[in-house]
Number of protein chains: 4
Amino acid sequence: MKILVLNGSSRENGNTEQLTNVMMQGVAHTYVNLRDFYIQPIVDKRHVLGGFTEVADDYEKLIELVREHDILIFATPIYWYGMSGQMKLFVDRWSQSLRDPRFSFKEEMKTKKAFVVLCGGDDPYVKGLPLLQQFQYIFQFFGTEWLGYVIGKGNAPGEVLNDKQAIQQANYWKKVFRSF
Amino acid sequence: MKILVLNGSSRENGNTEQLTNVMMQGVAHTYVNLRDFYIQPIVDKRHVLGGFTEVADDYEKLIELVREHDILIFATPIYWYGMSGQMKLFVDRWSQSLRDPRFSFKEEMKTKKAFVVLCGGDDPYVKGLPLLQQFQYIFQFFGTEWLGYVIGKGNAPGEVLNDKQAIQQANYWKKVFRSF
Amino acid sequence: MKILVLNGSSRENGNTEQLTNVMMQGVAHTYVNLRDFYIQPIVDKRHVLGGFTEVADDYEKLIELVREHDILIFATPIYWYGMSGQMKLFVDRWSQSLRDPRFSFKEEMKTKKAFVVLCGGDDPYVKGLPLLQQFQYIFQFFGTEWLGYVIGKGNAPGEVLNDKQAIQQANYWKKVFRSF
Amino acid sequence: MKILVLNGSSRENGNTEQLTNVMMQGVAHTYVNLRDFYIQPIVDKRHVLGGFTEVADDYEKLIELVREHDILIFATPIYWYGMSGQMKLFVDRWSQSLRDPRFSFKEEMKTKKAFVVLCGGDDPYVKGLPLLQQFQYIFQFFGTEWLGYVIGKGNAPGEVLNDKQAIQQANYWKKVFRSF
């Protein structure tokens, strides 16, 4: 089981990253910061003659990484009660991959497992719930198995390490991921 | 009451635009397509010495438009059960405006009214609900009055015009907006 | 298509009833007030030797009505951001019907269509959304087709008739129900 | 800080009870099973001349218990993706207490803290989220501080004890409650 962490945070060493690090300690995995990849916003060409056209950015690299892994961990700070724009840009582009004739993105996603890490400063345990529901619909669309999620609370970098509930959850999932 | 429509769609003349057009017929308003503005993803510098720094993009123009209007209509296609990446990029940057010393973004937003238009192809009347809940938290954060929302169903451009429920709703709100 | 309205309101001629009446004008249907039926709370005996036992109340009559109809309209006031206790008592007892050897409740429900009417006084268009999501899971469990929903705003009886948006929606669905 | 557990389960020694017991081990508290109290459904008389009238049931005893405690733990199995009918009957009656001239229910609730325990068999970590959102609105209405929640997975009694994530969470909150 190859594990890929997709970190949607905009800053280095932020709470999302730190909480994810706790969870992935001693777990073999690939880690990418979405901010290091240049991703253009989707242009919806599903109903345009000729369909989607090639886009000159780093999306292809990311989607190849997704395809090569079995477990996808979506780690995102809660920005305005949703996933970060960086992560949303990436997810939106999946509509293009769904039409990619080179492979069946939907079939491939169906065989994967997914996990979600959310960190936020404004009551994330409650105000993060719509974002979890959004992920539910996303995984449901593909038939991807959703393993679970961890929510952490923190604003200034490092604060999440004081969220004992989050750390405990991260440690619980660490054992699960190690067992894969 | 000055009205601003912020359209988050990636394509011209898509369902979101068409539904919004029905609603705004005969209503004085400013209309912008977010896709026509180059917006960089937020870099969270809230806890960095020196704070946020100037970004060379079109965000400033957009936020000026927001500031000049009294009613903000967020019109977005439902992409992957959330607002479009284009719109999310813009919203994320509000974190920077919150720290802008030139004006009190939070106080200004508090005096405005908001409205949401959602269009989607996959059961938007149900699967759009988490996105509405996200908008709720956003408006609640500012204390912005949320006037209401319209949901429309459609995939190929123009399909939403066959969603009689949506059209009827749009016509209802047209009267409301004309009365402002 | 035989239509059954299950009204969960505790009072006569309340907003839920009035809004539903607008919607059902000229539509052949059976109408029951759940408050007129004595329903005992479920006792979960799924894992008890012998299983569920007969309960001396009016549940049987109600479930027979459900079985005899093709479209179920769940009309409930929003009490504390959920369906009324009266309606919840009824729904909870479905767990017993699922184990009833005389018929396959799950299979029968799968062939039906469902509709939801909600009325509330405290921002029902937003604070009624979790209840809609609950109904989604209920209908999804059975595979029941969910036709749609109407939300109305009102506290004192009759107030909902001033909610033009709700009335318009009710009129829209009236046409749909007449066409069945 | 006096703690009251309100258990909405319909069966003895079910998962909700067992998970709550883990959490409350060594924590001084009052424990009541709502099923042991006879609670009549609310009759909404807010807009009736004379208002609410006395009801011959055990509600008064329960509400006195609520008033005497500082922390309220709502422990309920997830029945049909909502709180149990037993608990809903009780909560619905709060509308009557809000009009009770003998005390200010709203003011008193504002000073309390609340906690939620949910147990369900059908994907409770996701399908329990609308119920959490409902509780959010309930506590928000009063201004009650919401301490947090624990979700457990289980169908047959005792299964929740195998949900290590839930047990770990319960143990975390045990420490918190012991510290009050």
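The values are calculated or read from the model by the stated rules, or taken from the named source; none is laboratory data. Computed from a predicted structure; not experimentally measured. Cβ coordinates were reconstructed from backbone atoms using ideal geometry, including for glycine residues, and neighbour counts include every protein chain displayed. To get the accessible areas, we keep the full protein, side chains included, count just its heavy atoms, and leave off ligands, DNA and RNA. Shrake-Rupley method; radii C 1.70, N 1.55, O 1.52, S 1.80 Å.
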Residue satisfying all of: in the stretch A:54-70; assigned to a loop (DSSP other than H, G, I, E, B) and touching a residue at least 24 places away in the same chain (Cβ under 8 Å); farthest from the other protein chains (Cβ to nearest Cβ) among these: A:Asp70
Residues of the stretch B:123-177 satisfying the condition of being open to solvent by 20 Å² or more (accessible area, probe 1.4 Å), more than 10 Å from every other protein chain (Cβ to nearest Cβ) and among the small types (Gly, Ala, Ser): B:Gly143
Complete set of residues in the stretch D:167-180 that are more than 14 Å from D:Phe115 (Cβ to Cβ) and in contact (Cβ under 8 Å) with a residue 60 or more places away in the chain: D:Ile167, D:Asn171
Residue within the stretch A:71-93 that is in a loop (DSSP other than H, G, I, E, B), among the hydroxyl-bearing types (Ser, Thr, Tyr) and surrounded by 19 or more Cβ atoms within 10 Å (Cβ to Cβ) present: yes
Residue count for the stretch A:122-150, restricted to those that are among the polar types (S, T, N, Q) and not in a helix (DSSP H, G or I): 1
Candidate set: the stretch C:9-49, residues that are among the polar types (S, T, N, Q) and part of a loop (DSSP other than H, G, I, E, B); chosen: the one most open to solvent (accessible area, probe 1.4 Å): C:Gln25
Checklist (1) within 13 Å of the chain's Cα centre (by Cα); (2) under 17 Å from A:Phe90 (Cβ atoms) applied to B:Ile73, failing item: (2)
Test for C:Leu89: is it in contact with a strand residue (DSSP E or B) (Cβ under 8 Å, 6 or more places away or on another chain) and within 17 Å of C:Asn7 (Cβ to Cβ): no
Residue under evaluation A:Lys61, criteria (1) surrounded by fewer than 24 Cβ atoms within 10 Å (Cβ to Cβ); (2) touching a helix residue (DSSP H, G or I) at 6+ places or on another chain (Cβ under 8 Å), criterion not met: (2)
Criterion (in contact with a helix residue (DSSP H, G or I) (Cβ under 7 Å, 6 or more places away or on another chain) and of a type in the set (Asp, Glu)) met by exactly one of C:Asp123, C:Asp92: C:Asp92
Count - residues of the stretch A:94-106 that are among the hydrophobic types (A, V, I, L, M, F, W, C) and either on the phi > 0 side of the Ramachandran plot or part of a loop (DSSP other than H, G, I, E, B) (or both): 1
Any hit, the stretch B:111-121, residues being over 24 Å from A:Pro77 (Cα atoms), in a helix (DSSP H, G or I) and open to solvent by 30 Å² or more (accessible area, probe 1.4 Å): no
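Per-residue answers, yes or no, for (1) basic (Lys, Arg); (2) more than 27 Å from A:Val126 (Cβ to Cβ):
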position: A:Asn13; (1), (2): no, no
position: A:Met23; (1), (2): no, no
position: A:Pro41; (1), (2): no, yes
position: A:Glu54; (1), (2): no, yes
position: A:Asp57; (1), (2): no, yes
position: A:Pro77; (1), (2): no, no
position: A:Arg102; (1), (2): yes, yes
position: A:Glu107; (1), (2): no, yes
Qualifying residues in the stretch C:71-112 (those that are away from every other protein chain (no Cβ under 13 Å) and in contact (Cβ under 8 Å) with a residue 60 or more places away in the chain) - the one nearest to D:Tyr38 (Cα to Cα): C:Ala75
Selection count where residues are of a type in the set (Gly, Ala, Ser) and in contact (Cβ under 8 Å) with a residue 12 or more places away in the chain, scope the stretch B:33-53: 1
